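K.L.:
Take this structure, written in structure tokens, and hold onto it; I'll ask about it next.
The numbers here are math on the coordinates, done by the rules we state, and not lab data. None of these values were measured; they are calculated from a predicted model. Positions of Cβ are generated from backbone atoms using ideal geometry, with glycine treated the same way; all protein chains shown enter the neighbour counts.
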There are 4 protein chains.
Amino acid sequence: MTTQVVKKHMVVAQNASGRNMNVPIYRMKGARPGPTVYIQSSIHGAEVQGNVVIYHLIQRLKDMDICGEIILVPNCNPIGTNIKAGEYTLGRFDPVNGTNWNRGYFFDKDAVEHFAKTVTREESIEGIKQRFRAHLSNAIDNKLAEPWGLGLAQQLNLKLQQMAVNADFVLDLHNGPVSTRHVYIPEYAKDSAKLFNIPHCIFIPNVFAGALDEATFCPWWTLQESIKTNLAREVSFNVEAFTLEMGSQEVIDFNEGNIDATSILSYLNAKGVLHECDIKPTEMKRLGVYLKDYKTLFTNWGGMVEYMAKPGQTVKKGEPLAQILNIDDLDTDNGSRTLEAPCDLIPILHFPSASVLSGTQLYKVFTNYKEL
Amino acid sequence: MTTQVVKKHMVVAQNASGRNMNVPIYRMKGARPGPTVYIQSSIHGAEVQGNVVIYHLIQRLKDMDICGEIILVPNCNPIGTNIKAGEYTLGRFDPVNGTNWNRGYFFDKDAVEHFAKTVTREESIEGIKQRFRAHLSNAIDNKLAEPWGLGLAQQLNLKLQQMAVNADFVLDLHNGPVSTRHVYIPEYAKDSAKLFNIPHCIFIPNVFAGALDEATFCPWWTLQESIKTNLAREVSFNVEAFTLEMGSQEVIDFNEGNIDATSILSYLNAKGVLHECDIKPTEMKRLGVYLKDYKTLFTNWGGMVEYMAKPGQTVKKGEPLAQILNIDDLDTDNGSRTLEAPCDLIPILHFPSASVLSGTQLYKVFTNYKEL
Amino acid sequence: MTTQVVKKHMVVAQNASGRNMNVPIYRMKGARPGPTVYIQSSIHGAEVQGNVVIYHLIQRLKDMDICGEIILVPNCNPIGTNIKAGEYTLGRFDPVNGTNWNRGYFFDKDAVEHFAKTVTREESIEGIKQRFRAHLSNAIDNKLAEPWGLGLAQQLNLKLQQMAVNADFVLDLHNGPVSTRHVYIPEYAKDSAKLFNIPHCIFIPNVFAGALDEATFCPWWTLQESIKTNLAREVSFNVEAFTLEMGSQEVIDFNEGNIDATSILSYLNAKGVLHECDIKPTEMKRLGVYLKDYKTLFTNWGGMVEYMAKPGQTVKKGEPLAQILNIDDLDTDNGSRTLEAPCDLIPILHFPSASVLSGTQLYKVFTNYKEL
Amino acid sequence: MTTQVVKKHMVVAQNASGRNMNVPIYRMKGARPGPTVYIQSSIHGAEVQGNVVIYHLIQRLKDMDICGEIILVPNCNPIGTNIKAGEYTLGRFDPVNGTNWNRGYFFDKDAVEHFAKTVTREESIEGIKQRFRAHLSNAIDNKLAEPWGLGLAQQLNLKLQQMAVNADFVLDLHNGPVSTRHVYIPEYAKDSAKLFNIPHCIFIPNVFAGALDEATFCPWWTLQESIKTNLAREVSFNVEAFTLEMGSQEVIDFNEGNIDATSILSYLNAKGVLHECDIKPTEMKRLGVYLKDYKTLFTNWGGMVEYMAKPGQTVKKGEPLAQILNIDDLDTDNGSRTLEAPCDLIPILHFPSASVLSGTQLYKVFTNYKEL
């Protein structure tokens, strides 16, 4: 059994030399019917591990029997990947205007609620899905055709979203700064948390802030809720979207990438994408928090920091998080001081540089977490 | 008659060496009672002309008779001013995370509507203002005391807003990239457009997007509307806030700065801040648009551009806006092509570099403008 | 009479996505024999006006009768052109390591002197030129084949130099920050100063600092000197190279570009590259300095600056060059102060931002200049 | 026994707000006579571990008995430390012009040779040293007083060098990108390699490229050589200077810093700076290379890289150094390929980002190394 890979390139931007910048699109279509899966990586240019994960996915899926179709888009931001500032990659935002590359996807809540009114008690789930996809796709087309134009990040986002809009399962592969593996999961798809081999899960509400996962699940979730309100009809569209954080930015690791690929295959298998595949989720401890309990610890001082608490480690209230060097007091007791955990927590990621200004996101941490 | 200047410095951040970064605060208090005025400049680090305007304001106000108090904070973003990237100043956003320095001010609409319910039909305007100011100031204090901390831009913004919150008139001095002078005016204070000597006026609705002018007028406008709804009582608090765009970034000009100072003094005089001052608004042509008619023209191509239409110039539909060089076709008729105005318009500003990627904000323009 | 343009692209680098970055190469070969000319532009990414000049050159040369061959390489640095940092182009140096894009060309003085020893009293000029070109080309090939590899800027430079090495006349088109037109001329080719329509000329000695013009003329000049020393034989190879500074960076202007093209055609015509062409140098005032008298004025303070003296303007000792704003003293007489010219001078260029740290190159100026 | 610490601050620059930027200077003077030691850290802003080392040195030296004086300057580049570009520190070069912060120190070989002629056969070593120090100090003063000013990096460097010029032992604390500990040692002070606890030693010749260590030892080495040539007199001034690379940039580690401090104390003790101190160099394997055998491996391709060979690890010719991902061939055998060691080597450092353009310094490696 070998699944063919069809490869194309799509132009998503032009650089200042007027040259086209494109993304590679790998499509793997199974012989059997089934769901559509969309996986992209590196929308933030420095978050490169997902590209290795997609490499392993493609290599392994070639020998598998796919039900439906899997679309994989590695290195989906050819501009962000190539903005160097010093030795690192300035990949999280457009260097011209600061726009986060992951905030320009499309969602129009009013339009969804308006669409919901066209749904009848009798219309089949498949019928609704088909009509709604056409509606969404059309809305994105209209947005892209905006006569006065659109910003670079938004153009890029919408061109990618146009591919994701037909998918049942959307995975957006990211990395944290210095980070343990974690995943963002819409609350209504909470059960899927156990299908990935990812130890830290964040459950997010039906709120749109511009990211691809939200742009994927908010419409379906909103539609579902509106139909319930309008018709007292309970429907489930089984469309899911996740942001997977595959460890730390600026680093690739082929071995880890293969493990990450297994985690994703385990999810896809559970969702019926793989025929006669025996990859199952690992038995492991998974911890979950609601988004409101996923806290960011900002500094109100500037200085140089040793990150004592490592991502993934359990820290009790009062235990040391960081040790801070004070350049102007190296001869006194204030030369070094300790920052303590304000409550029981698990650091998920920390800032990647020892040098911080006041107002820096030092750590993001789980508080009030529960085992799933 | 000489008005004393009291100068202080306020710490707004710490840098990575742990050193305090502060802003200068100049306070000029008149012998007579009157309104409070707050003027700041350079929240965007490359937009420096406002600093010269404040220089001229201080020098001239020293010899004037002030009613009330004027607080002037030049160079109000000591971090943004000092982020060089090449020869220019990367001043619009935090280089660490892309956060626009002018989007972290505070406004809580629900809290304002809640406050409005405490207002009675009998409470005096002054009484309401005093209570509401205390409410706002307290809310900012609470925000600043957030136990998990705040981002750098937000910390900076809130510390500045804490000074602005007691003002009746707030002026935030900015620059465009390559720009003619223009001003953002809340629709309810439309009459004030004629008090400045600024030819291009943009009227903005009661919508908050994080900027200082909005953070100043949205609470008062919302309060006013809520009181009308709740009590059918028409009140006017006479609190106004403006973003003044003083020409182009990266440039200072002392002569122009003095003219700009006259424009501001003319407004302040009309508002009763100056005693026996004869500075009046100039007779001039002023054009206005609603925000929805202030259009941004994005490119959908990358290349090199000559900006043919200059800021402030009237352009008819079909007339040339820009000429674009195509590096890979210098030998053909496609080597250069012209971009035409999609409708009658006035360019207010254009991008400051000839080299543009696709999705660049080429021009911002007035359409459907009217003479005031 | 129409001269054909043969267009090719040459790969000069790969970006972080692994994609080739290439430069366009336009070759125009005349029916008649004659010299070889090499013209490139934008090795510094923000210095874009030369691209427009090349556009006009190609369009006009198409209708001319060329003797020899002209090779034109616009936008010769596809990496530098595309490094945005804020709205501007970080084009002067590699953002990874700070390497100036115009300092990695090749010159080995010892090898030239060694080569000189192989020249006999009888060898024809053409014979020497041919052998020396082969020698230089071979040396560049060897350098490019360095088994441990080379830095990005050096790889780019050498690939371009490999094209320039066969040329008799090499023009490298640059821009200053905010700048009047000026040109760097090797002292031995001083007479050519009057062949361009450029008002400010800098005469440079036989010293190599890595730039293309030096890398072109230093070998020939050194060879000529060595032959004189070794054989007491006076030879002239008539190889010339210039860096032309076509006004200010970050800006293109099609009309100015056509005037610049005329200036270059006037030089080429004088050098026998154009058949029956009547373009002659303009009668104009041309001022020249030796490199040692082309001074850089650094600040020893930081602050905000109005550049009062404009590029090209005559300034007497003691006249104002700049006015400086002092943010922390806006209420005193120190709020603004004037920087005076330390001697009679002509500013050629100034820093393009009002905001300067201490140690900034405020102005570059002509001192002890003479009319040519 | 407690040694007092005298702390001062020295202004080294002004920022664009016109505010002074200063460095802390800690002086520890012993009761007994002895040599002068100068230690600085973080001239490259992202190389912060040396600051922690200085912290431990000061804390430990407080309880020691010093012979002579130790001057410690942590965070010696307050500009470089504070240039953020994304989350990292753009610390190796001036963001305005690309100037490496460690290339503007002063050395004038001709002046040293000229000075050497004033030395007589009879003059005492101490007499020569004293006169030469005055000469050097004077030359730096003259340079700093240059009437047209100096660039920012050079001003900073010279102000620091003015303190180092009187020292017998100069230690400049740096970090590599991702790096094992290593040290640059002038060939004439080769014996000192065994006094530090640093496993990798690079022996450098008497060549000046602008760094502090070179600027310190080149004058003394040149003077020594000139006196030998002129007078056939063998002198030894016992002035030594080293660049110590304390692991990886962007990271501080207090425990490692204490170990590094012990290494430096071991050197200082051997040089007679510490009275009755029992800190001795550790017995350990130390490897040395000549600078010519310390190779940089550049890529000639761009892509994404896993650094398989870790700093400090022995790698045989043909063993894998790196694995490279090829984004556009994830479906073929070219999706990943291996880069092999071109010869036996030890990687000392590698590039800190997985994303590399062609011409990137992938690894710096020891070849032809020997055990000391």
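K.L.:
Highest mean first, how do B:34-42, A:309-317 rank when packing is the count of other Cβ atoms within 10 Å averaged over residues?
P.N.:
Averaged packing, sorted descending, gives the order B:34-42, A:309-317.
K.L.:
Here's another thing I want to ask about it. Just to confirm a number: summing +1 for Lys and Arg and -1 for Asp and Glu over residues other than D:K143 whose beta-carbon lies under 12 angstrom from that of D:K143, what do you get? Spell out each step's value before the answer.
P.N.:
Values: positive: D:K159; negative: D:D108, D:D141, D:E146.
Every neighbour counted, the sum reads -2.
K.L.:
Working from the alpha-carbon coordinates of segment A:5-284, get Rg over Rh, Rh being the Kirkwood radius.
P.N.:
Here Rg/Rh amounts to 0.96.
K.L.:
Run a plain Debye calculation on the protein assembly as shown (Cα atoms as equal point scatterers, no solvent) and give log10 I(q)/I(0) at q = 0.04 Å⁻¹, rounded to two decimals, same order as the q list.
P.N.:
-0.27
K.L.:
Between A:F254 and B:K317, what is the label-point separation in nm under the 7 Å Cα-to-beta-carbon projection?
P.N.:
Each label point lies 7 Å from its Cα, and together they span 6.1 nm.
K.L.:
Something else about it: Stokes-Einstein D for segment B:175-222 at 37 °C, 0.692 mPa s, Kirkwood Rh over Cα pairs, in µm²/s?
P.N.:
Rounded to a whole number, D works out at 283 µm²/s.
K.L.:
Moving to a separate point now. Taking 10 °C and 1.306 mPa s as the conditions, I'd like the Stokes-Einstein D for segment B:294-367 in µm²/s, using the Kirkwood hydrodynamic radius from alpha carbon pairs.
P.N.:
For the chosen part, D equals 128 µm²/s.
K.L.:
Moving on. How much net charge surrounds C:V119 when only other residues with a Cβ under 9 Å from its Cβ are counted (Lys, Arg +1; Asp, Glu -1)?
P.N.:
+3
K.L.:
Specify the inter-centroid distance of segment C:301-372 and segment B:51-110, based on alpha-carbon positions, in whole Å.
P.N.:
Taking the Cα centre of segment B:51-110 as reference, the centre of segment C:301-372 is 25 Å away.
K.L.:
Still on this structure, I have one more. What helices does chain C have that are whole DSSP H segments, at least 27 Å long along their own axis by Cα, and with mean Kyte-Doolittle hydropathy of -1.0 or more?
P.N.:
C:125-144, C:212-231
K.L.:
Please state, to two decimals, what the Cα-based radius of gyration of segment C:35-85 comes to when divided by 2.2 N^0.38 Å (N = residues).
P.N.:
1.29
K.L.:
Sticking with this one: Along each of the three principal axes of the Cα atoms of segment D:134-283, give the extent in whole Å, ordering the values from largest to smallest.
P.N.:
Here the spans come out as 46, 41, 29 Å, largest first.
K.L.:
For A:K316, go 7 angstrom from Cα along the Cα-to-Cβ vector, then report the distances to that same point in the other copies in nm, smallest first.
P.N.:
So the distances to the same position in the other copies read 5.0, 8.2, 8.2 nm.
K.L.:
Sticking with this one: Tell me, what is the FRET efficiency for B:K117 and D:E340 to the nearest 0.05, using R0 = 60 angstrom and their Cβ-Cβ distance as r?
P.N.:
In this case the efficiency is close to 0.20.
K.L.:
Using a 10 Å cut-off around each Cβ of peptide B:42-50, what is the average number of partner chain Cβ atoms that fall inside? Please report the intermediate quantities before stating the final value.
P.N.:
On the way: counts 4, 0, 0, 4, 6, 0, 8, 3, 0.
Per-residue shielding by partner chains comes out at 3.
K.L.:
Now, a different point. Kindly give the distances from B:G272 to its copy-mates, label point to label point, with each label point 7 Å from Cα along Cα→Cβ, as nm values to one decimal ordered shortest first.
P.N.:
Listed shortest first, these distances are 7.3, 8.3, 8.7 nm.
K.L.:
Here's a follow-up. Is there a simple number for the mean count of other chain Cβ atoms within 10 Å of the Cβ of residues in B:52-61, and what is it?
P.N.:
4
K.L.:
Taking the highest mean first, how do the peptides D:97-108, D:239-250 order by number of other beta carbon atoms within 10 angstrom per residue? Walk me through the intermediate numbers first.
P.N.:
Working: D:97-108: 21.2, D:239-250: 25.1.
Final packing ranking: D:239-250, D:97-108.
K.L.:
Distances from B:R121 to the same residue in each other copy, label points 7 Å out along Cα→Cβ, in nm, shortest first?
P.N.:
Label point to label point, same position, other copies: 4.8, 11.6, 12.1 nm.
K.L.:
Specify whether the C-alpha gyration tensor of segment D:1-134 places it in the rounded, prolate or oblate class, a ≥ b ≥ c being the square roots of the eigenvalues: rounded for a/c under 1.5, otherwise prolate if a/b is larger than b/c and oblate if not.
P.N.:
Oblate, since a/c reaches 1.5 and b/c is not below a/b.
K.L.:
Taking the axis that carries chain A onto chain B, what is the nearest Cβ in chain A, and at how many Å, to the whole number?
P.N.:
Closest Cβ on chain A to the axis mapping it onto B, in Å: A:G98, 2.
K.L.:
Based on the Cβ-Cβ distance from C:K280 to C:I125, what FRET efficiency comes out when R0 is 41 Å, to the nearest 0.05?
P.N.:
0.90
K.L.:
Have a look at B:V96, B:V235, B:V170 and tell me which one the Gaussian network model of chain B (Cα, springs below 10 Å) gives the largest fluctuation.
P.N.:
So, out of B:V96, B:V235, B:V170, the one fluctuating most is B:V96.
K.L.:
Highest mean first, what order results for A:278-285, D:156-163 on Cβ atoms within 10 Å?
P.N.:
Descending packing order for the listed peptides: D:156-163, A:278-285.
K.L.:
Using the eigenvalues of the Cα gyration tensor, what equivalent ellipsoid semi-axes result for segment C:74-202 when each is taken as the square root of five times the eigenvalue, whole Å, largest first? Can you show the working numbers first?
P.N.:
Details: eigenvalues 186, 109, 24 Å².
Ellipsoid semi-axes (Å, largest first): 31, 23, 11.
K.L.:
Listed here are the pairs A:K370/B:K159; B:K285/B:K317; D:K117/D:K280; A:K143/C:K84; which of them are more than 28 Å apart at the Cα? Present the calculation step by step, with values, prior to reporting the outcome.
P.N.:
Details: A:K370/B:K159 37 Å; B:K285/B:K317 22 Å; D:K117/D:K280 40 Å; A:K143/C:K84 26 Å.
Over 28 Å apart, Cα to Cα: A:K370/B:K159; D:K117/D:K280.
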